[in-house]
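Data block below; observations after.
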Amino acid sequence: MALTADADRALEQVRAVLQADGFGISLAGIDSTRAVVVITAEPDACVGCLAPDDMLEVIVLDVLQPVAPRITSVEVRRPTSTESTAEGDPA
Amino acid sequence: MTVTLTGQTTQMLSPVPPTRNTDATVAPRLGNVDTARIGLLHNGKPGGEHILDGIAGVLQAEHPGVSLPRRFKAHASDGAGFLPELAGDWDAAVIAVGDCGSCSSWAIRDGVDLEKLGIPTIVFVSAPFGTMSRMWATRLGVPELGIVVVDHPLAHLPSTEIAETMGAANALRVRAMLTGER
């Protein structure tokens, strides 16, 4: 439980970044070596602005490892298209 | 590491993250910018062109012999396939602007690719993405990539304000970063 709370606190760094584009992030679970995070989209989220998976995975891993050194990989679950409604244009 | 003490097995967990790719370093800095070809790469995000305008204005005034060719990306959130072509044409590069999660990740990726081509590069990103951009550059193997962080949001600001407060105001800093001035 403490690990999960620590990990969730560590995600604050990533959460602040994602919020700029209208997204949230939460920790879905941690097993022996892997963390699963879920990205959620607010109604006005910029659909095309979400960072790519490879970047999110390494950034989340970087912030989680100090509190959970055994984690060596991260799975990012992105919002489904129906969860994001704003037509943001990344270009 | 596993340590056995009096019949009990304890697993020791290292607090040190896995080894990062630290093979790459930044490209050599310019001796000066007097006659340099400093490429200005606009990724298509609104406001980026005005940042580059502001930088160009100051550098041109300070160094009449500098050349400032421009290139544009078709999509901010995709790779710039033409980067290898620039290796012989540009002495340095400035990229603007990463102001979302996706486009900032690609701007950093382009900057890292240019550094690996031997072109010292500065990337402009907006405030929410500054820390993430540094982490990403580090993971891509160029932890010392030049990153300038500007206010966010910027797309709605008047072009003259962006050019002045984000471009021109940072032009000499860009020059210093490209030449390694202290």
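What follows draws every value from the coordinates through simple rules; no lab data is involved. Quick caveat: nothing in here was measured; it's all calculated off a predicted structure. As a convention, Cβ positions derive from the backbone with ideal geometry for all residues, glycine included, and neighbour counts pool all protein chains shown.
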| field | segment B:64-182: Cα Rg divided by the 2.2 N^0.38 Å rule of thumb | value | 1.01
| query | Angle between the Cα long axis of helix B:130-139 and the longest principal axis of chain B, 0 to 90 degrees, nearest 10? | reply | 60
| Per-residue average of Cβ from other chains inside 10 Å of B:128-137 | 5
| field | Sorted by Cβ density within 10 Å, fewest first, the residues A:CYS49, B:CYS103 | value | A:CYS49, B:CYS103
| query | Helix B:169-179: angle to the longest alpha-carbon principal axis of chain B, degrees 0 to 90, nearest 10? | reply | 60
| field | Cα convex hull volume per residue for the protein assembly as shown (Å³) | value | 139
| remark: The whole-number value in µm²/s of the Stokes-Einstein translational diffusion coefficient for segment B:49-119, with Rh from the Kirkwood sum over alpha carbon pairs at 25 °C and 0.890 mPa s, is 188
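Calculate for chain B the 222 nm mean residue ellipticity that helices alone would give, adding -39,500 (n - 2.57) per DSSP H run of length 4 or more and normalising by residue count, nearest 500 deg cm²/dmol. Before the final figure, lay out each step's value.
Numbers: 4 runs with 52 residues, N = 182.
Counting only the DSSP helices, I get -9000 deg cm²/dmol.
Using only atoms on other chains, find how many Cβ atoms lie within 10 Å of each Cβ of peptide B:94-105 and report the average. Don't skip to the end; give the middle numbers.
Working: counts 0, 0, 0, 0, 0, 4, 11, 16, 12, 5, 6, 7.
Counting Cβ atoms of other protein chains within 10 Å of each residue's Cβ and averaging gives 5.
Using only the Cα atoms, what convex hull volume per residue in Å³ does segment B:36-89 have? Please report the intermediate quantities before stating the final value.
Numbers: hull volume 3.2 nm³, N = 54.
Spread over its residues, the Cα hull of segment B:36-89 gives 60 Å³ apiece.
Quick check on segment A:22-77: what does the Kirkwood estimate of hydrodynamic radius come out to from the alpha carbon pairs, in Å? Please list the in-between numbers first.
Values: mean 1/r = 0.0851 Å⁻¹.
Kirkwood radius, segment A:22-77: 11.7 Å.
Of the DSSP beta bridges with both residues in the protein assembly as shown, give the percent that are antiparallel, rounding to the nearest 5.
Working: 11 of 34 bridges.
The answer is about 30 percent antiparallel.
To the nearest 0.05, how large is the calculated FRET efficiency for A:ALA2 and B:ASP151 if R₀ is 51 Å and r is the Cβ-Cβ distance? Can you show the working numbers first?
Details: r = 38 Å, r/R0 = 0.74.
The computed FRET efficiency comes out at 0.85.
Which of the DSSP-defined H helices in chain A satisfy a minimum axial length of 15 Å, computed from C-alpha atoms, and a minimum mean Kyte-Doolittle hydropathy of -1.0?
On the way: long enough: A:53-64 (16 Å, 1.37).
Long hydrophobic helices here: A:53-64.
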